[in-house]
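Asks: Handing you a structure now.
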Amino acid sequence: MGFKTDAIHAGQEPDPTTGAVTIPIYQTSTYVQEALGKHKGFEYARTQNPTRMALEKNMAVLERGVAAYAFASGMAAETAITHLLLKGGDHAICSDNVYGGTFRLFDKIVRHYGVDFSYVSTSNLADLKAAMRPNTRMLFIESPTNPIMAITDIRRASEIAHRTDCRVVVDNTFMSPYFQRPIELGADIVVHSATKYLNGHSDSVGGVVVLKRKDDAERLQFIQNAAGAILSPFDSWLVLRGIKTLPARMDAHNANGMEIAKYLLKKKQVKKVYYPGLPKHPGHGLAKKQMSGFGGMIAFELGSLARAKAFLGRVKLCSLAESLGGVETLISHPATMTHASVPAKERARLGITDGLVRISVGIEDVEDLIGDLENAFRG
Ligand SMILES: *Cc1c(COP(=O)(O)O)cnc(C)c1O
C-alpha cells in the first residue's frame, strides 16, 4: 500500500466486538482470564494494550521496521535504546548538535554507568570514521539536527558503523517517516519524539522506537515491559489520530517552510538562514537525495541576544514556546530554551548563538505568518 493509505489503515482493523472504525481507547489495567493459563493474549496493561499496540504496528509499517514500541516520551524511548545497546565499558558516538535532552541523557546519566561518549559532526564522514573504536556499540544520528539543520549521510554513516558490531540509531523526529525512512537507508533503529510531527497537534507527549532486527525488537519489547515507561492508551490514541493526517500536514509544513525560508533570506536583518530546502544550505544536495521533503523547521540568525529578544517580543501569531511539529507555528530561542542545558562554549562551537531564532512553521495561511514576521521586523 502507499504511505498515505498505510498512515490511515496499518495496524487498525475495525474493532472486532463493535465494528468501531476507530480503535477504542482501551482504558483498563488488566484483563479477565477464562481459566488458569487461558486468556486472549492480554494479561496486564503495562505488557499489552490494544490501543498502544495499534500505534506500534502502524509505526512499524510506516518506518519499514519489524516492530515498534511506544513510550511515555521521546526521552523514555531513547533511554530504552540505551538499555538495549549499551553497557559499562562500551563506547558510543553521537551527532554533536543533537537535541539538548539527548545530550543531557547521555552525558548526565548514561555516562555514569561507565559508557564513554564521543560527540562528532556526523555530517563529516572522515570525523566519524576517526571516532569509531572496536568497542563502539551505538552511533546515534540526528538528521537534520536541531536547530541548525545539519544533514548526515545516513547510508554512508551506516556503512562505516557496520564495519564493527555497532548499531545505527536515527532520531527521525524532524522529518517523520513521510519525508525520511532511515531503515531503508541502512539504519538499524529509528526513534521519534511522537510529541512533535507524529502527534502533530501539540496535545500529547510520547516516543516511539522502530527496529529493523528481530533480535533487537524482542529485547526492546522485554525492556519496555521490564523498565515500564509505556505510552498511555489515551496518548497512543491521540498519536494514532495524528498520524492519519501526517502526509497532508507534512506537505503543508514543507510548503510553508519553503516560503518562509525564502522570505527570511531577503530580509536585511537576517544574517543567515538554516533550512535544508535552500540551495545554499551545505546539506541541500544530500537532503534532496535522502529526504523527500525539507520539513517545517527553520533557524535564522539575528546577530545578538538583544535583537532576538526584541523580535521574539513582537511576534503575535507565532507563539513563543519550546517544542515543534504542531499545526500551529511556534517560535523559540534555542540558546536560552531548548539548548540551555548545552554548555555555552559548546553552543558557540555548534553555531547556537545568542542571536539564533528557531521557527517550527505551522500550517496556517503562509501570508498571515509572513505578515506576523514582517511586523516583528518593522518593530
Ligand atoms: C523533543 C525531541 C526529543 C525528546 O522528546 P520528548 O517527547 O520531549 O521526550 C528528542 N529528539 C528530538 C529531535 C526532539 O525534538
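Asks: Which of the strands (runs of 3 or more DSSP E) contained wholly in segment 127-246 include at least 1 residues that are in contact with a helix residue (DSSP H, G or I) (Cβ under 7 Å, 6 or more places away or on another chain) and within 30 Å of PRO279 (Cα to Cα)?
Replies: In segment 127-246, the matching strands (runs of 3 or more DSSP E) lie at 136-142, 167-171, 189-193.
Asks: Inspect segment 314-329 for any residue being closer than 16 Å to PRO147 by Cα, free of Cβ contacts under 8 Å to residues at least 24 places away in the same chain and more than 17 Å from the chain's Cα centre (by Cα) and give the result as yes or no.
Replies: Checking segment 314-329: at least one residue is closer than 16 Å to PRO147 by Cα, free of Cβ contacts under 8 Å to residues at least 24 places away in the same chain and more than 17 Å from the chain's Cα centre (by Cα).
Asks: Further question on the same structure: If you scan segment 117-126, which residues turn out to be of a type outside the set (Ser, Thr, Tyr) and either in a loop (DSSP other than H, G, I, E, B) or at pLDDT below 95 (or both)?
Replies: ASN124
Asks: Taking helices (runs of 4 or more DSSP H) that do not extend beyond segment 1-116, which have at least 3 residues that are without any contact (Cβ under 8 Å) to a residue 40 or more places away in the chain and within 15 Å of the ligand (Cβ to nearest atom)?
Replies: It comes to 100-108.
Asks: Output the residue which, of all residues in segment 150-200 that are of a type in the set (S, T, N, Q) and closer than 21 Å to LYS288 by Cα, is nearest to the ligand (Cβ to nearest atom).
Replies: The extreme case among them is THR173.
The rows are residues; the columns are (1) among the acidic types (Asp, Glu); (2) buried (at least 24 other Cβ atoms within 10 Å of the Cβ); (3) over 12 Å from the mean Cα position of the chain (by Cα).
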{"residue": "VAL120", "(1), (2), (3)": "no, no, yes"}
{"residue": "ALA126", "(1), (2), (3)": "no, no, yes"}
{"residue": "ARG137", "(1), (2), (3)": "no, no, yes"}
{"residue": "MET149", "(1), (2), (3)": "no, yes, yes"}
{"residue": "ASP153", "(1), (2), (3)": "yes, no, yes"}
{"residue": "GLU159", "(1), (2), (3)": "yes, no, yes"}
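Asks: Moving on. Given the structure, is VAL61 hydrophobic (A, V, I, L, M, F, W, C) and in contact with an Asp or Glu (Cβ under 6 Å, 6 or more places away or on another chain)?
Replies: yes
Asks: Regarding LYS262, is this residue surrounded by 17 or more Cβ atoms within 10 Å (Cβ to Cβ), in contact (Cβ under 8 Å) with a residue 12 or more places away in the chain and over 16 Å from the mean Cα position of the chain (by Cα)?
Replies: no
Asks: Being in the same structural domain as ASN256 (by TED's automatic domain parsing), touching a residue at least 12 places away in the same chain (Cβ under 8 Å) and part of a helix (DSSP H, G or I) is true for just one of ALA310, ALA335. Which residue is that?
Replies: After applying the criteria, what remains is ALA310.
Asks: Still on this structure, I have one more. Does segment 37-65 hold any residues that are crowded, with 18+ Cβ neighbours inside 10 Å and among the polar types (S, T, N, Q), and which are they?
Replies: ASN49, THR51, ASN58
Asks: Ok, one more. Report whether or not ARG104 is surrounded by fewer than 21 Cβ atoms within 10 Å (Cβ to Cβ) and touching a strand residue (DSSP E or B) at 6+ places or on another chain (Cβ under 6 Å).
Replies: When the stated conditions are applied, ARG104 does not pass them.
Asks: Please enumerate the residues belonging to segment 201-228 that are within 16 Å of the ligand (Cβ to nearest atom) and touching an Asp or Glu at 6+ places or on another chain (Cβ under 8 Å).
Replies: Matches in segment 201-228: SER202, SER204, VAL205, GLY206, GLY207, VAL208, VAL210.
Asks: Inspect segment 252-267 for any residue being of a type in the set (Asp, Glu) and part of a loop (DSSP other than H, G, I, E, B) and give the result as yes or no.
Replies: The answer is no; no qualifying residue exists.
Asks: Let me ask something else. So, in segment 285-298, exactly how many residues are surrounded by fewer than 24 Cβ atoms within 10 Å (Cβ to Cβ) and either within 16 Å of ASN146 (Cα to Cα) or not assigned by TED's automatic domain parsing to the domain that holds GLY371 (or both)?
Replies: Residues in segment 285-298 being surrounded by fewer than 24 Cβ atoms within 10 Å (Cβ to Cβ) and either within 16 Å of ASN146 (Cα to Cα) or not assigned by TED's automatic domain parsing to the domain that holds GLY371 (or both): 0 in total.
The values are calculated or read from the model by the stated rules, or taken from the named source; none is laboratory data. Nothing here was measured: the structure is a model prediction, and the numbers come from that model. Using ideal geometry, Cβ is built from the backbone for each residue, glycine included, and neighbour counts are taken over all protein chains shown.
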